[in-house]
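The values are calculated or read from the model by the stated rules, or taken from the named source; none is laboratory data. For clarity, every value in this text was computed on a predicted model and none was experimentally measured. Quick reminder, even Gly has a Cβ in these numbers, built from the backbone with ideal geometry, and neighbours come from all protein chains shown.
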Ligand code: AMP
């Protein structure tokens, strides 16, 4: 990998979340926020995204101090992306209550010169057209890590297909893999995913860990750092992604990068929103990683 800079695109949101432990409104969240905060302890990202003028100044401060650069974070008159979700009693399944794109609706990111040649691009969950637009602006060939979710699988399948053709590593939940391939069998579904273009596929199995699959049939699995009381699972996948890409940028092996992702996800779910992940330090992360090795 040439340069080790990470360019991160994703949502920056105000979330309303209901779990069995309570309901919290207008929490600072979004896929890019969780990924940036997760990566920050090891390697700060260059952030691309948009917020409205209703986004709290405290949130801008958090992003500024957590990122290497927020030059490509646009602040526009209007409403910040808002998402609401409610978790079922088992804590794993959730229902999206609303998704209001707000200022993301007409967002057309134009990268600053210093962001045109990143080593890694992390396309966190957001509309695939935006993901494509970022890839089309990159001058050389970065290592592309892509995440997505059911909404885009259902509403933007063609542009998502284009993104997948340019993807080196796809991060996906098992249920999203079934939705994307329309195959409800793990092995067959993964085979189909490879036909869509990504060079490697990393499937997140929730509390059962994650497995990285290669097109040649090889695989690497890691378990989870067990959290007895999951307060709010929101952002676990994005935090995993942030930890993982920071490991890749640091030149760690896939297994070590996956462990970093796993531990960042474990921190994320210990409290509502970004609270736990933002208050974590590198010692805590490394201690958890050591127990998993
Ligand atoms: P996760 O729990 O990893 O799926 O991530 C949850 C985060 O993703 C929340 O903070 C939401 O604001 C954000 N989010 C929810 N739906 C979308 C969407 N359709 N596109 C981008 N981000 C989303």
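General remarks:
- Test for residue 158: is it within 27 Å of residue 273 (Cα to Cα), surrounded by fewer than 21 Cβ atoms within 10 Å (Cβ to Cβ) and away from the ligand (no atom under 15 Å from the Cβ): no
- Of all residues in region 240-264, those satisfying the criterion of being in contact (Cβ under 8 Å) with a residue 12 or more places away in the chain and outside any helix (DSSP H, G or I) are 250, 251.
- Yes/no for residue 151 being touching a strand residue (DSSP E or B) at 6+ places or on another chain (Cβ under 8 Å) and away from the ligand (no atom under 16 Å from the Cβ): no
- The single condition from (1) in contact with a strand residue (DSSP E or B) (Cβ under 8 Å, 6 or more places away or on another chain); (2) over 16 Å from residue 10 (Cβ atoms) that residue 134 fails is (2).
- Sub-6 Å Cβ pairs linking a first residue in region 214-233 that is more than 20 Å from residue 273 (Cβ to Cβ) and without any contact (Cβ under 8 Å) to a residue 24 or more places away in the chain to a second residue that is outside any loop (DSSP other than H, G, I, E, B) and more than 16 Å from the ligand (Cβ to nearest atom), at least 6 apart or interchain, are 214/200; 215/194; 219/211; 219/213; 221/211, ordered by first then second residue.
- One residue stands out among those in region 94-116 that are loosely packed, with under 14 Cβ neighbours inside 10 Å and within 15 Å of the ligand (Cβ to nearest atom): the one that is nearest to residue 167 (Cα to Cα), which is 105.
- Residues in region 122-133 that are away from the ligand (no atom under 14 Å from the Cβ) and either in contact (Cβ under 8 Å) with a residue 60 or more places away in the chain or touching a helix residue (DSSP H, G or I) at 6+ places or on another chain (Cβ under 6 Å) (or both): 132 only.
- Just one of (1) within 30 Å of residue 18 (Cβ to Cβ); (2) crowded, with 17+ Cβ neighbours inside 10 Å; (3) out of contact with any helix residue (DSSP H, G or I) (no Cβ under 8 Å at 6 or more places or on another chain) fails for residue 203. It is (3).
- Residues located in region 73-92, provided they are out of contact with any helix residue (DSSP H, G or I) (no Cβ under 6 Å at 6 or more places or on another chain) and more than 18 Å from residue 125 (Cβ to Cβ): 74, 75, 77, 86, 88, 89, 90, 91
- The listed residue being without any contact (Cβ under 8 Å) to a residue 40 or more places away in the chain and either in contact with a strand residue (DSSP E or B) (Cβ under 9 Å, 6 or more places away or on another chain) or part of a loop (DSSP other than H, G, I, E, B) (or both), out of 237, 197: 197
- Of the candidates 119, 91, 78, 85, the single residue that is within 13 Å of the ligand (Cβ to nearest atom) and modelled with pLDDT of 95 or more is 85.
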